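Inspection log for the structure reproduced underneath, given as structure tokens.
The values are calculated or read from the model by the stated rules, or taken from the named source; none is laboratory data. The structure displayed is predicted, hence computed values, not measured ones. No Cβ is skipped: glycine too gets one built from the backbone with ideal geometry, and neighbour counts run over all protein chains shown. These accessible areas exclude ligands, DNA and RNA; they are computed on the full protein's heavy atoms, side chains included. Shrake-Rupley method; radii C 1.70, N 1.55, O 1.52, S 1.80 Å.
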Amino acid sequence: MCIRDSHYPGKIRKDISHDGKVKKLGTGSDMQWSDRYLYLRDGWLHLCEAKGIVEGRRSLSVDTLASVSILAPNAGAHKPHCFVIFTKTSKSTVLQAQDAEQQNTWVRCILQSMGVMA
């Protein structure tokens, strides 16, 4: 469940938080799926090797994000329950949620934290 305390439309919202297991699609020649743990907290997305492990994590400030959207299951190498995060520098990260409910929750929470959705 996406937790929020208040609403500030059009501004980065640091009050949105969510976390859970995901799979990340590798880039370049490494198109393998890897188990990861994703945190959305305090206006940051943290992609970690496992829950609670912060070494080697990849962190993105929500204000660097351009968009997040659900991917169709038949879109290339993508599996069911995938979503993609695009940065303002045109980099992308494809993630797979555990199920459709989590996929929708991730997209909604990230959009809320970006200030583009109530």
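Details
- Answer label, with Rg/Rh (Cα atoms, Kirkwood Rh) calculated from the coordinates and candidates [x] 1.01; [y] 0.97; [z] 0.94: [z]
- The stretch 22-101 - percent of accessible surface contributed by carbon and sulfur, probe 1.4 Å: 51
- Taking Lys and Arg as +1 and Asp and Glu as -1, the other residues whose beta-carbon sits under 15 Å from that of D30 total +3.
- As a rough guide to protection, the peptides 38-48, 103-113 ranked by mean Cβ packing within 10 Å, highest first, stand as 103-113, 38-48.
- Value of relative contact order over the chain, rounded to a whole percent, pairs C-alpha under 8 Å and six or more apart: 26
- For the residue pairs K11/K88; K21/K91; K11/K51, the alpha carbons lie more than 26 Å apart in K11/K51.
- Most fluctuating residue given options K88, K24, K51, as computed from a GNM of the chain linking Cα atoms under 10 Å: K88
- Environment charge at C82 (Cβ cut-off 11 Å; Lys +1, Arg +1, Asp -1, Glu -1): +3
- Entry comment: accessible area of the chain is 56 Å² per residue, from protein heavy atoms only and a probe of 1.4 Å.
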